[in-house]
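What follows is a set of notes on a single structure, which appears directly below.
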Amino acid sequence: MAKRIDVSDLDIYYGNFKAVEGVNISIEPRSITALIGPSGCGKSTFLRSLNRMHEVVPGARIEGKVVIDGQDLYGSDVDPVDVRRQIGMVFQRPNPFPTMSIYDNVVAGVRLNSTKLKRAALDELVERSLRAANLWTEVKDRLDRPGAGLSGGQQQRLCIARAIAVEPEVLLMDEPCSALDPISTLAIEDLMTQLKERFTIVIVTHNMQQAARVSEFTGFFNLAGVGQPGRLVEFNPTEKIFSNPDQKSTEDYISGRFG
Amino acid sequence: MSTSTSPAPATTSAGPLGSISQHRRLPRFGAAGIFAVGAAAGIMLSAVTGFALVLAAIYAVVLGTAGLHVGSRLLEGRRTAADRLVTALVRIAFALAMVPLVWLVWTVVSKGTARLDGAFFNQSMFGIANEGGGAYHAIMGTLIITAVTAVISVPVGLLTAIYLVEYGHGKLPKAINLLVDVMTGIPSIVAGLFAYALFSLFFGPGVRLGIAGAVALSVLMTPVVVRSAEEVFKLVPNELREASYALGVPKWRTIVKVVIPTAIAGLGTGITLAIARVIGETAPLLVTVGITAVTNLDPFNGRIATLPVFAYYQLTRPGVPPEFAVDRAWTAAFILIILVMALNVVARLISRFFAPKTGR
Ligand SMILES: Nc1ncnc2c1ncn2[C@@H]1O[C@H](COP(=O)(O)OP(=O)(O)OP(=O)(O)O)[C@@H](O)[C@H]1O
Ligand SMILES: [Mg+2]
């Protein structure tokens, strides 16, 4: 099930603005890959190019290759909708559907894709997904209440539950814990550790300890300067990055001697 | 602390927080009192020059405002005085804006209630020479033609708005936008003549059909629907579309299941207000559906009476004696106003009940 992702010479543009340049990376299946780097260096942009969400922005395009299990993601015969069904995503800002209840938000992916499931199966899916996202105990008595009525961190966990409910083979998470308390953060990290048995996970985080705790591989993005495109400066096993990085700038960033 | 307990009447006191200025405020009734004094002076002035109601009101308001400003300037300081002056001006402007509205409603209500009886709602004008009769045929005609108009305009308008917001790239949407703008500005009589000319092509000159009227009104209503729906669709956050795409939902399903439900309150309101906009149109119906004394409920066959046209003919061709027809005209106008107001209430209810709930 889990998929390997090979990216070669990837340039990512917003119109004429080159946001990310020359990324080469190999993401291992059944592992967690963390992406770190200063704000605005293109982590989200890169992540969104992995499930073809990038092209949703008008004028946005990429150059280069993204290959998933031998298949060119940007090939002319590839349907982006199919890609996104297999590669799920949790966004940086929580975005539950405001018209739907908590329950409906969790099963939104299943329902919107008009997959027919029995009520019991749906109930079971909702409970499983919410438990995995560490939200079940807080909302189990009000599943029919609007999802937009939850707190920011609860909404974020709801979005995580929604993303894993469709069982994607790759899960892209953009700062999933930035709005969460340490307990929920640990729960999400546990979830990631469970999920990586079956899935490939890529996570963007500003939390070094989190990257060190959960990931097998870490990629460090950096900007060469203001207005310049972001680059993948270093990509190595997490242990190496945090103990003995190849690049000076990586070490500076990790140890807080930045800028 | 010292700022609240300090007995010093000074405008500035350097407490622990630095210089937080303290202002003397007139008590609530003080300001009103000063205004009343000025207003009384104004009324007296008008009495001296020969009393006239409108003039007295103007004098009272002007002198009251001026008095309040001067008094506040002396007692409270410059900034507060400016605040009081501008507040007074804003309230006066509001009152001026309300005058025509209240006047109009009052006129229509006072003249329109004369014939607000059962017969008006269940009789047509068939065989009526002067007294009696009703507007049943015109009320039904207005409802039918407006309904047909909505059936034409709403799908066309909504789909156009969806195209413009969700699919349009490049030149075509710009051209459509221009056309919609032009359509918004079309004088209603031109829309009527267009529909008349169109139907004359098929049915010969002198054609009068309900559907022709509906087409004319659609020309007026569609751009309104497009514009309001477009605004509402633009308000739907892009994040929701992205959330849906990221779950592997195709674009069209995202629009149907996410964008439209999120926008439904605004859409309902916009459509209702667009209907209210065309329900009172007279000129296009005058040339396309004409008037009749009998009840005709078939928009595809012959003339249909409608409330605005009914009111127009009752007023311009009253017969002898004219009172009965003039009363009918006012009552028809009254019913039209009530219909429009009802639509506005419906619009508010829609936006209340369909608005996304946070459950808090
Ligand atoms: N929709 C967009 N249109 C144009 N430029 C964009 C858009 N989104 C991002 N950018 C630009 O692309 C660059 C990278 O942005 P990105 O969101 O990928 O940063 P990031 O690394 O995720 O930062 P953060 O850690 O703050 O989330 C920035 O210079 C940003 O201004
Ligand atoms: Mg980001």
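Some observations on this one:
- Where a residue in the range A:199-217 is over 19 Å from A:Pro29 (Cα atoms) and without any contact (Cβ under 8 Å) to a residue 40 or more places away in the chain and its partner, wherever it lies, is of a type outside the set (Asp, Glu) and within 16 Å of ligand 1 (Cβ to nearest atom), with Cβ under 7 Å and at least six apart: A:Asn207/A:Cys177
- Looking across the range B:294-310, just one residue is surrounded by fewer than 24 Cβ atoms within 10 Å (Cβ to Cβ) and within 25 Å of the chain's Cα centre (by Cα), and that is B:Pro308.
- When B:Ile291, B:Ile338 are checked against the criterion of being among the aliphatic types (A, V, I, L, M), open to solvent by 40 Å² or more (accessible area, probe 1.4 Å), away from chain A (no Cβ under 14 Å) and not in a helix (DSSP H, G or I), B:Ile291 stands alone in meeting it.
- All positions within the range B:211-259 that are open to solvent by 40 Å² or more (accessible area, probe 1.4 Å), within 14 Å of chain A (Cβ to nearest Cβ) and within 21 Å of B:Ala150 (Cβ to Cβ): B:Val256
- For the range A:140-175, filtered to residues that are at pLDDT 90 or above and away from chain B (no Cβ under 13 Å), the residue that is most open to solvent (accessible area, probe 1.4 Å) is A:Lys140.
- Identity of the residue in the range A:159-195, charged (D, E, K, R) and within 16 Å of ligand 1 (Cβ to nearest atom), that ends up farthest from A:Thr45 (Cα to Cα): A:Glu175
- Residue check, A:Arg111 within 11 Å of another protein chain (Cβ to nearest Cβ), away from ligand 1 (no atom under 13 Å from the Cβ) and modelled with pLDDT under 90: yes
- Only one of A:Asp69, A:Asp77 that is of a type in the set (Asp, Glu), more than 16 Å from ligand 1 (Cβ to nearest atom) and touching a residue at least 60 places away in the same chain (Cβ under 8 Å): A:Asp69
- The set of residues in the range A:231-259 that are touching an Asp or Glu at 6+ places or on another chain (Cβ under 8 Å), among the β-branched types (Val, Ile, Thr) and farther than 9 Å from A:Thr218 by Cα contains only A:Thr250.
- Annotation: A:Gln92 fulfils all but one of (1) touching a residue at least 60 places away in the same chain (Cβ under 8 Å); (2) within 15 Å of ligand 1 (Cβ to nearest atom); (3) open to solvent by 20 Å² or more (accessible area, probe 1.4 Å); (4) more than 14 Å from every other protein chain (Cβ to nearest Cβ); the unmet one is (4).
Results for (1) more than 15 Å from ligand 1 (Cβ to nearest atom); (2) among the acidic types (Asp, Glu), shown as yes or no for each residue.
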residue	(1), (2)
A:Gly15	no, no
A:Glu21	no, yes
A:Pro29	yes, no
A:Leu35	no, no
A:Cys41	no, no
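- When A:Arg4, A:Arg85 are checked against the criterion of being within 14 Å of chain B (Cβ to nearest Cβ), surrounded by 16 or more Cβ atoms within 10 Å (Cβ to Cβ) and away from ligand 2 (no atom under 16 Å from the Cβ), a single residue qualifies: A:Arg85.
The values are calculated or read from the model by the stated rules, or taken from the named source; none is laboratory data. Here the structure is a predicted model, which means the values were calculated and not measured. Note that we place each Cβ from the backbone using ideal geometry, even for glycine, and neighbour counts take in every protein chain shown. The protein model used for the area step is the full one, side chains on, heavy atoms only, and it has no ligands, DNA or RNA in it. Shrake-Rupley method; radii C 1.70, N 1.55, O 1.52, S 1.80 Å.
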